[in-house]
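Here's the structure, in structure tokens; my notes come after.
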Amino acid sequence: MDLIENTKEVGQRAKQELEKLHTAVELDAFFAKFLAKKGEIPTLMGNMKAVPAELRATFGKAVNDVRTSVNELFERKKAEIEKAKLEKKLAEEKIDITLPGATLSPGFKNPYYGIIDEVTDIFLQMGYEVAEGRDVETDRFNFELLNVPKDHPSRDMQDTFYLIDDLLLRTQTSAAQAHKMLENEVKTPIRMICPGKAYRRDDDDNTHSHQFAQIEGLVVDHNISIANLKATLELFVKKMFGEKREIRLRSSYFPFTEPSVEVDVSCFACQGKGCSICKGTGWIEILGAGMVNPKVLEMCGYDPKEWSGFAFGVGVERVAMLRYGIDDIRRFYQNDIRFLKDYPLK
Ligand code: PHE
């Protein structure tokens, strides 16, 4: 019968076309042409009226068979195309897990801050408080109250960075001494350290820098003697550099301490025998210290008949250089990551 043949022919054609499909767009066009409501296959049923009654069941079945089989093939094709599309995408986006990753390098603490932390910890354990100083000072605090005479060479433009009038970049953290003593309106004992930067008009070389750090220490109380100073510094040096370190006090001069000393530590490299680091002497200087000059106590409101004290100033870079065998002070401020990586601190 023609209509049944025709139905089969539509089915054949649909199947052949389906074979040739490769993309989702083609698939949509196929669906519209054959399977959609107004597509060729569903409209075949419209021919029912023209079919003799006894063949209607056969015709109906033929149309249904065509619809079912084409639908099935269509779904299979659709799954195939989607699978191919996914595989293509996966292949394109393939991640090569053998490629080296991008590493993030962690930050490092400058050994300079490591030393400040260590020194601070040692003095905190001894009951000192930590004071915060200021980088910009007045002539009064940096010099006058520290008994630095008007004609002292350190006041010279050659040695000090002046800002305006008598404002300057402090040349020593000792300025914090005067601040602390004057701040204490009711005069009470003082145990203070003050870490901070100091500035001098030095030409930079491997042991001099225009900017460096010091840790100032100040103790004021009744009956403080040079024995207390020596014992304190000895304890500090042994905690900082190890039990085997010896210290030596050499007589020196600072306008704000009387008597004044410079403190040397036995050389870490040769244990005092003499080497190139300690220039053959067996000792390395790390700090200046002394008994607070009575004139300074008086200017800062502490009656020297009742009070006495000691002060010291530790050179932070010097300690760091000794501790880690660093040969050039400029490394501390050059911000070379390779230098920082060499001294990874906690
Ligand atoms: N301020 C002195 C210096 O910079 C060090 C020092 C501090 C000396 C305290 C004595 C007392 O060299």
Review point. With ARG140, ARG134, ARG191 as the choices, which residue is charged (D, E, K, R), in a loop (DSSP other than H, G, I, E, B) and touching a residue at least 24 places away in the same chain (Cβ under 8 Å)?
Key: ARG134
Practice item. Output the residue which, of all residues in segment 152-199 that are more than 27 Å from THR120 (Cβ to Cβ) and among the aliphatic types (A, V, I, L, M), is surrounded by the most Cβ atoms within 10 Å (Cβ to Cβ). Key: LEU167
Check your understanding: Residues in segment 133-144: is at least one closer than 30 Å to ASP342 by Cα, in the same structural domain as SER308 (by TED's automatic domain parsing) and surrounded by fewer than 16 Cβ atoms within 10 Å (Cβ to Cβ)?
Key -> yes
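Each row is one residue, and each column tells you yes or no for (1) among the charged types (D, E, K, R); (2) in the same structural domain as ILE193 (by TED's automatic domain parsing); (3) assigned to a helix (DSSP H, G or I); (4) surrounded by 15 or more Cβ atoms within 10 Å (Cβ to Cβ).
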site	(1), (2), (3), (4)
LEU44	no, no, yes, yes
GLU54	yes, no, yes, no
ALA57	no, no, yes, no
VAL70	no, no, yes, yes
GLU87	yes, no, yes, no
THR103	no, no, no, no
ASP117	yes, yes, yes, no
PHE123	no, yes, yes, yes
GLY127	no, yes, no, no
Review point. Does segment 236-245 hold any residues that are at negative phi and loosely packed, with under 15 Cβ neighbours inside 10 Å, and which are they?
Key: GLU243, LYS244
Review point. How many residues, within segment 67-112, are out of contact with any helix residue (DSSP H, G or I) (no Cβ under 9 Å at 6 or more places or on another chain) and closer than 30 Å to ARG330 by Cβ?
Key: 3
Review point. What are the residues in segment 20-32 that are in contact (Cβ under 8 Å) with a residue 12 or more places away in the chain and not aliphatic (A, V, I, L, M), if any?
Key: HIS22, THR23, PHE30, PHE31
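The values are calculated or read from the model by the stated rules, or taken from the named source; none is laboratory data. A quick note: this is a predicted structure, and the numbers were derived from the prediction, not measured. A quick note on method: Cβ atoms are made from the backbone with ideal geometry, for glycine too, and the neighbour counts reach across all protein chains shown.
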